[in-house]
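The values are calculated or read from the model by the stated rules, or taken from the named source; none is laboratory data. All figures in this text were calculated on a predicted structure; none of them were measured in a lab. Here the Cβ positions follow ideal geometry from the backbone for every residue, glycine too, while neighbour counts run over all protein chains shown.
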């Protein structure tokens with residue numbers, strides 16, 4: 001009988017070892033579950049932090065975009081008003097020139113331009129000269145109206161239109177060539193025979 005108990009005991013030993021292994025595996029599995037839960041919480045925290053960061057950046061970015069858009073709209077409005085005022089000033093100047101030319105035309109003392117109208121330089125003179133050489137400003141009183149384009153210079157305009165840069169500066173009361181602006185009308189004095 002002792003031998004039987006001994007065999008029984010020896011047979012139970014592997015079973016108890018297996019039970020111990022199973023208990024260790026169950027403990028490892030519980031620890032892994034705890035780690036997975038920690039990782040899930042950490043992942044949720046990271047997602048939450050990322051969403052908060054996106055939310056905090058979004059208003060700043062949209063605020064910057066709104067500010068840029070507002071500046072662009074303001075500049076567009078300023079450009080529109082400036083163009084409108086320039087057009088109004090040009091229209092007033094054209095009307096004033098027309099009235100002066102009409103008054104000078106009635107008296108018959110204003111020399112005519114190539115287009116048949118009195119020149120701006122003649123309109124500005126108090127007493128129109130009788131000949132080109134006796135002009136107080138030393139420039140011809142006949143000429144043409146020219147619309148200045150971007151990139152034009154006084155010397156280029158003078159060369160293309162048979163005039164002189166000095167004449168153009170004096171006739172249009174420009175202090176220097178740098179004072180010439182694009183998108184305005186100027187008077188180009190021209191001699192009866194083209195300048196050389």
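Structure values in brief
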{"item": "Within segment 155-191, tally of residues that are under 29 Å from the mean Cα position of the chain (by Cα) and part of a strand (DSSP E or B)", "result": "2"}
{"item": "Complete set of residues in segment 144-154 that are surrounded by fewer than 11 Cβ atoms within 10 Å (Cβ to Cβ) and assigned to a loop (DSSP other than H, G, I, E, B)", "result": "149, 150, 151"}
{"item": "Residues that are in contact with a helix residue (DSSP H, G or I) (Cβ under 8 Å, 6 or more places away or on another chain), touching a residue at least 24 places away in the same chain (Cβ under 8 Å) and closer than 21 Å to residue 93 by Cα, drawn from segment 145-169", "result": "145, 146, 148, 167"}
{"item": "Residue in segment 117-125 that is in a strand (DSSP E or B), closer than 21 Å to residue 99 by Cβ, out of contact with any helix residue (DSSP H, G or I) (no Cβ under 8 Å at 6 or more places or on another chain) and modelled with pLDDT under 90 present", "result": "no"}
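Residues are listed down the side, and each one gets a yes or a no for (1) modelled with pLDDT under 85; (2) touching a helix residue (DSSP H, G or I) at 6+ places or on another chain (Cβ under 7 Å); (3) in a helix (DSSP H, G or I); (4) closer than 30 Å to residue 183 by Cβ:
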residue: 5; (1), (2), (3), (4): yes, no, yes, no
residue: 12; (1), (2), (3), (4): yes, no, yes, no
residue: 47; (1), (2), (3), (4): no, no, yes, no
residue: 55; (1), (2), (3), (4): yes, no, yes, no
residue: 64; (1), (2), (3), (4): yes, no, yes, no
residue: 83; (1), (2), (3), (4): no, no, yes, yes
residue: 99; (1), (2), (3), (4): yes, no, yes, yes
residue: 106; (1), (2), (3), (4): yes, no, yes, no
